[in-house]
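Structure first, commentary second.
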Amino acid sequence: MSRRSRAQRKLADPDPIYSSRLVTLLISRVLQAGKKSLAQKIVYNALETISTKTEENPVLVLEKAVKNVTPGVEVKSRRVGGSTYQVPIEIRAYRGTNVSLKWITEFARTRSGKSMAVKLSNEIIDAAKETGNSIRKKEQVLNNYYTRILL
């Protein structure tokens, strides 16, 4: 591996229906066991459900939800001497969107309900309204950050 330059990050292609890279990233987060067509069906059904429930553009609701869930800081372990410290570090935009999509899909899976599309749509709507488990996770991370600063 070359030490001279970093590898270029490949941007995700926009999805065919909504022409949004964010939807493509969400599909890749929902993806399990390589079943991409199933993940696309789940995400597209969830976006249709969002558009019928909120009567808004589902991509804008998804963008608002991701913006609300995206954390500003992240706690990483640093080894100094013989001990490890939890050091808060600011998150870059790309990492922040990936973390927020991860939290949204993770908490959508743990919700009670029948189909993943309904659970995902409810979690996205709740995140857009600044309620739900993914927002609670963001607040928990921020509380950990502030307790690290005070200590």
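The values are calculated or read from the model by the stated rules, or taken from the named source; none is laboratory data. Here the structure is a predicted model, which is why all the values come from computation and not from measurement. Here the Cβ is made from the backbone with ideal geometry for all residues, glycine too, and neighbour counts use every protein chain on show. In case anyone asks, the SASA skips ligands and DNA or RNA and just uses the protein heavy atoms, side chains included. Shrake-Rupley method; radii C 1.70, N 1.55, O 1.52, S 1.80 Å.
What the table below lists for this structure:
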| quantity | calculated |
| --- | --- |
| Ratio of Rg to Rh over region 27-93 (Cα coordinates, Kirkwood Rh, two decimals) | 1.22 |
| Residue pairs, from the table Lys41/Lys76; Lys35/Lys129; Lys36/Lys129, whose Cα atoms sit over 32 Å apart | Lys41/Lys76 |
| Whole-number Å³ per residue for the convex hull built on Cα positions in the chain | 162 Å³ |
| Å² of accessible area per residue within region 49-136, as computed with a 1.4 Å probe and no ligands counted | 57 Å² |
| Accessible surface of the chain, 1.4 Å probe, proportion on carbon and sulfur as whole % | 49 percent |
| Calculated from backbone phi, Karplus (6.51, -1.76, 1.60) coupling profile of region 72-88 in Hz, x at Gly/Pro | x, 9, 9, 9, 10, 7, 10, 9, 10, x, x, 10, 9, 10, 8, 10, x |
| Region 68-106 versus region 8-31: alpha-carbon centroid distance in Å | 22 Å |
| Volume per residue that the Cα convex hull of region 78-118 spans, once the total is divided by residue count, Å³ | 97 Å³ |
| Cβ charges +1 (Lys, Arg) and -1 (Asp, Glu), total dipole of the chain, debye | 860 debye |
| Helix 36-54 axis, angle to the chain major axis (alpha carbon atoms, nearest 10°) | 80 degrees |
| Amide H partners (placed H, <5 Å) of Val75, local residues excluded | Ile89 |
| Farthest positive-ward along the chain dipole, Cα basis, beta-carbon charges - from Tyr145, Trp103, Ser121 | Tyr145 |
| Residue-averaged [θ]222 nm for the chain, counting only DSSP H segments that reach four residues, each worth -39500 (n - 2.57) | -19500 deg cm²/dmol |
| Whole-Hz ³J(HN,Hα) from phi, Karplus 6.51 cos²θ - 1.76 cosθ + 1.60, for region 110-116, glycine and proline x | 7, 5, 8, x, 7, 9, 5 |
| Rounded tilt (10° steps) of 133-150 against the dominant C-alpha axis of the chain | 10 degrees |
